[in-house]
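Peer 1: Please find one structure pasted underneath; my questions will follow.
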Amino acid sequence: MASMEGLIGLMNRIQRACTALGDHGGGGDLPTLWESLPTIAVVGGQSSGKSSVLESIVGTDFLPRGSGIVTRRPLVLQLHQTDDGSQEYAEFLHMPKTRFTDFARVRQEIADETDRLTGKTKQISPVPIHLSIYSPKVVNLTLVDLPGLTKVAVEGQPESIVQDIENMPNCIILAISPANQDIATSDAIKLAKEVDPTGERTFGVLTKLDLMDKGTNALDVLEGRAYRLQNPWVGIVNRSQADINRKVDMIAAREKEREYFESSPDYAHLASRMGSEYLAKLLSEHLESVIKARIPSITAVINKTIDELESELDTTGRAVAADPGAQLYTILDLCRAFDRVFKEHLDGGRSGGDRIYGVFDHKLPAAFKKLPFDRYLSVQNVKKVVSEADGYQPHLIAPEQGYRRLIGTGLTYFRGPAEATVDAVHVVLKDLVRKSIGEIEQLRRFPTLQTAIATAANEALERFREDGRSTALRLVEMEATYPTVEFFRNRPQDLPAADASSKAGAKASAESPVPLDRYGDGHYRNIASNVSQYIRMVGDELLKTIPKAAVHCQVREAKRSLLNHFYVQIGKKEAGEFAHLLDEDPAMMERRQQCWKRLEMYKSARDEIDSVAWSSNR
C-alpha cells in the first residue's frame, strides 16, 4: 500500500477539493463525500486546553486565544512533514498563493476569516477553514478543530453542531478533558458517549495533569479504569499561561513535558506513552490505518455517487449550445417530445383518452336526461304552442305547424349539452397539454419555451373548440330545421274529434250555451307523445354524432396539428431569438453547475485513489 504520507496526503487533497466546492457535510441536497472521509475531530469544553494540545502537536503558536468561544468555524488542520532544516510555513485554502512564515499572521488570518463569514458575533458556522502547515517538526496528520463545547449555548450557537460527527462513521474523536475536573462531567466525554457509545473511535486526552491537587493523580483515567476506551488515553502537560506570556517556545515546552512524565512518581511507568509528541505519532499511525481500511468503502461511495450525478445530469440536460442551428434543433426536438407524449395520452399509452370517452359515455347522456322535456311537452304547453301556431285558422286534421314548432323549439334544448360536451373535451385536452409539458423532464429546464408551447397549444385548442362547437350546434340545427317526415307518416293519423270524455259531454254542450274546446286533452297528449318520441329518436342520433363532431374537430386536429401554428412562428424568428426560448430556470442552471462541479470532484477523487493504489503496487 502507499506510504503514510501518500494516504494522508490523498485525504488532504480530497478534503480541500470538498471544501472548495462547498461540500462540508450537513443536510444539503447534493451528495457529500466529506462525511465519508476518515478524519480526526478534536472536541473539548471551554478551558479544557484544546488549543494548547493542538499547538503542542504542531509545535507552533498559531491559534487565536481569548474568552468565550474562540473557535467559531471548524479548522481543518493538515500537517505535512518536510525535510529537516527546511523552513516551516502555512497556507490557507482561501489564499492558495500566499505562504505565511510568521505564525502570528496565521493567528490573525484565522480570526479575520472567521469574522468574514460569521461577523463579530458569537455565531458559529459549519463552513471550515483549511490550514496546511509544512514543517519538519510535525508528523503527517489531519485534525479538525471543532468549536468548543459549552454547558449553556450562547446566542447564535447551534445546539447540535458537533452532532455532525454522528453522521461521519469514519470520524475519529479526539476527546480532550482536563485532569483537574471529574471525568464524569467532561463535555468531550459526554459527546463521545453519545456518538460513539462503544468507544471504538474515540481517543481520550487528559490535560492539566500538573495542576491536580497534591496527593492525587489521574492513573484511574489514564489506565482505563475510570472510563474505558478501546483506544489508549494519553496525558498531556501544556504550557502554563505564564509560559505563554513569556513566549516559551514549543521545543522547550516539549522537553519540559517529557521531563515531567519521566520524573513523575505517578506517571514514570507510562512516560513512553504520554506527551504531545507521542499523541501526534499515535494519531498519525491510527489515521493511516483507518484510511487504508476505509479506501474500498470510500471508493464504493464515490462510484455510486458518480452514477447518481451522471443520471441527474442526463435528466437536467447538458449546457445549451450557442449555435442557432443547434438551438433550433433543441427547440424542435422538445416540441416533438411534447407532441409524442400528448398523443400517448390520447391514444391510451398514458391516461387521458379514457377521460374523453367518459364525457361521451356518461356526461352527455346524463345531460340529455336532465333536459326539461316533461315540462315542455305538458298538455298545457302543447295546447298553447299548437294554438299559437294555428292562429285564427284551426288545423283540420293534424296540426302540422304546431308539430314543427314543438319539434324545432324542443330540439334546441340539445344545444346546451352539445356545447357542454365540446367544452368538457376542451378542458381535458388543456389538462393533457399541461401534464404532457410537465412530464418531459428536459423541458423543465426552459420555462420560457414551456410557456411558449403551452400558449401555442392552448390557442390551437381554442380554435379547435370553436370549430367543434359550431359543428355540434350545426348538427342540432340541421335536425331542428328539417324534421324527418317519414317518422310521422308511419304513425297513426290524429283524429280531430274529441276523446271519449268530450263525446260524453256533447249532449250537455248542445243543451248549454257555454263554449267548449274543440279538441280534448287526449288529442294534445297524443301530439306530445309523438313529439316526445321524435325528440328521443333525434337525441339518440345526437348521442352518436356530437361525439363524432368533438373527435373530428378537436381530438383529431389536436393530434394532427396542435403545434403547426407554433412551427410557423418559429420559422419566422431571427436566429438570435432562439436563445430567448431556451432561457433556463436560474435554479436549474445553478443545480446543474453544482452537479457538474461535484461530479468532477468525485472523478478527481477516484483518480487520486487509483493513482495511490497503483503506485503502491509497483
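The values are calculated or read from the model by the stated rules, or taken from the named source; none is laboratory data. Since the structure is predicted, the reported quantities are computational estimates derived from the model, not experimental observations. So basically every Cβ, Gly included, is an ideal-geometry build from the backbone, and we count neighbours across all protein chains shown.
Peer 1: With the checklist (1) assigned to a helix (DSSP H, G or I); (2) touching a helix residue (DSSP H, G or I) at 6+ places or on another chain (Cβ under 6 Å); (3) modelled with pLDDT under 90; (4) buried (at least 16 other Cβ atoms within 10 Å of the Cβ) in hand, flag the one item T330 doesn't pass.
Peer 2: Of (1) assigned to a helix (DSSP H, G or I); (2) touching a helix residue (DSSP H, G or I) at 6+ places or on another chain (Cβ under 6 Å); (3) modelled with pLDDT under 90; (4) buried (at least 16 other Cβ atoms within 10 Å of the Cβ), only one is false for T330: (2).
Peer 1: Considering only residues that are under 43 Å from the mean Cα position of the chain (by Cα) and on the phi > 0 side of the Ramachandran plot, which ones fall in the stretch 68-107?
Peer 2: G68
Peer 1: Further question: Taking the options G224, G204, name whichever one is assigned to a strand (DSSP E or B) and at pLDDT 90 or above.
Peer 2: That would be G204, the only listed residue that is assigned to a strand (DSSP E or B) and at pLDDT 90 or above.
Peer 1: While we're here: Look at A184 and say whether it is at pLDDT below 90, more than 40 Å from the chain's Cα centre (by Cα) and either part of a helix (DSSP H, G or I) or within 13 Å of G44 (Cα to Cα) (or both).
Peer 2: yes
Peer 1: If only one of Q569, Q554 is touching a residue at least 40 places away in the same chain (Cβ under 8 Å), in contact with a His (Cβ under 8 Å, 6 or more places away or on another chain) and part of a helix (DSSP H, G or I), which one is it?
Peer 2: Just one listed residue meets the conditions, Q554.
Peer 1: Hey, can you tell me all the residues within the stretch 263-280 that are surrounded by fewer than 17 Cβ atoms within 10 Å (Cβ to Cβ) and not in a helix (DSSP H, G or I)?
Peer 2: P265, D266
Peer 1: Oh, and also: Only residues in the stretch 583-612 that are within 22 Å of N303 (Cβ to Cβ) count as the first member; pair them with residues that are loosely packed, with under 14 Cβ neighbours inside 10 Å and of a type in the set (A, V, I, L, M, F, W, C), Cβ under 9 angstrom, at least 6 apart or cross-chain, and list the lot.
Peer 2: The qualifying pairs are R592/A319; W596/A319.
Peer 1: Let me confirm something: among S529, S561, which residue is of a type outside the set (F, W, Y), within 19 Å of V385 (Cα to Cα), in the same structural domain as R463 (by TED's automatic domain parsing) and at pLDDT 85 or above?
Peer 2: Result of the check over S529, S561: S529.
Peer 1: Within the stretch 438-449, does at least one residue satisfy the condition of being surrounded by 15 or more Cβ atoms within 10 Å (Cβ to Cβ) and more than 30 Å from D314 (Cα to Cα)?
Peer 2: no
Peer 1: Would you please name the residue that is surrounded by the fewest Cβ atoms within 10 Å (Cβ to Cβ), looking only at residues in the stretch 19-51 that are part of a helix (DSSP H, G or I) and at pLDDT below 80?
Peer 2: Across the stretch 19-51, the extreme among qualifying residues is A20.
Peer 1: Go through the stretch 103-130 and report how many residues are touching a residue at least 60 places away in the same chain (Cβ under 8 Å) and not in a loop (DSSP other than H, G, I, E, B).
Peer 2: The qualifying residues number 1.
Peer 1: When P586 is evaluated against the numbered criteria (1) loosely packed, with under 12 Cβ neighbours inside 10 Å; (2) touching a helix residue (DSSP H, G or I) at 6+ places or on another chain (Cβ under 6 Å), which criterion, by number, is the only one it fails?
Peer 2: Single failed check for P586: (2).
Peer 1: Is there a residue in the stretch 281-298 that is more than 40 Å from the chain's Cα centre (by Cα), loosely packed, with under 15 Cβ neighbours inside 10 Å and either at pLDDT below 95 or more than 30 Å from K573 (Cα to Cα) (or both)?
Peer 2: yes
Peer 1: Residues in the stretch 56-70 that are surrounded by fewer than 21 Cβ atoms within 10 Å (Cβ to Cβ) and either under 26 Å from D23 (Cα atoms) or modelled with pLDDT of 85 or more (or both): how many?
Peer 2: Final tally of qualifying residues: 5.
Results for (1) in contact with a helix residue (DSSP H, G or I) (Cβ under 8 Å, 6 or more places away or on another chain); (2) under 30 Å from L174 (Cα atoms), shown as yes or no for each residue.
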{"site": "A268", "(1), (2)": "yes, yes"}
{"site": "D339", "(1), (2)": "no, no"}
{"site": "H362", "(1), (2)": "no, no"}
{"site": "L371", "(1), (2)": "yes, no"}
{"site": "S378", "(1), (2)": "yes, no"}
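Peer 1: Let me ask something else. Quick one: what pairs do we get from the stretch 206-232, first residue acidic (D, E), second buried (at least 16 other Cβ atoms within 10 Å of the Cβ) and in a strand (DSSP E or B), C-beta under 9 Å, 6+ apart or different chains?
Peer 2: Hits for this filter: E223/W233.
Peer 1: Here's a check for you: in the stretch 94-124, which residue that is crowded, with 18+ Cβ neighbours inside 10 Å and in contact with a Lys or Arg (Cβ under 6 Å, 6 or more places away or on another chain) is farthest from L63 (Cα to Cα)?
Peer 2: Per the stated criteria, the residue is I124.
Peer 1: Is it the case that some residue within the stretch 230-241 is assigned to a helix (DSSP H, G or I), in the same structural domain as D145 (by TED's automatic domain parsing), under 24 Å from L146 (Cβ atoms) and over 50 Å from the mean Cα position of the chain (by Cα)?
Peer 2: yes
Peer 1: A further question on this structure: Mind listing just one residue for me: the one in the stretch 348-371 that is without any contact (Cβ under 8 Å) to a residue 40 or more places away in the chain and part of a helix (DSSP H, G or I) and, of those, farthest from A424 (Cα to Cα)?
Peer 2: K369
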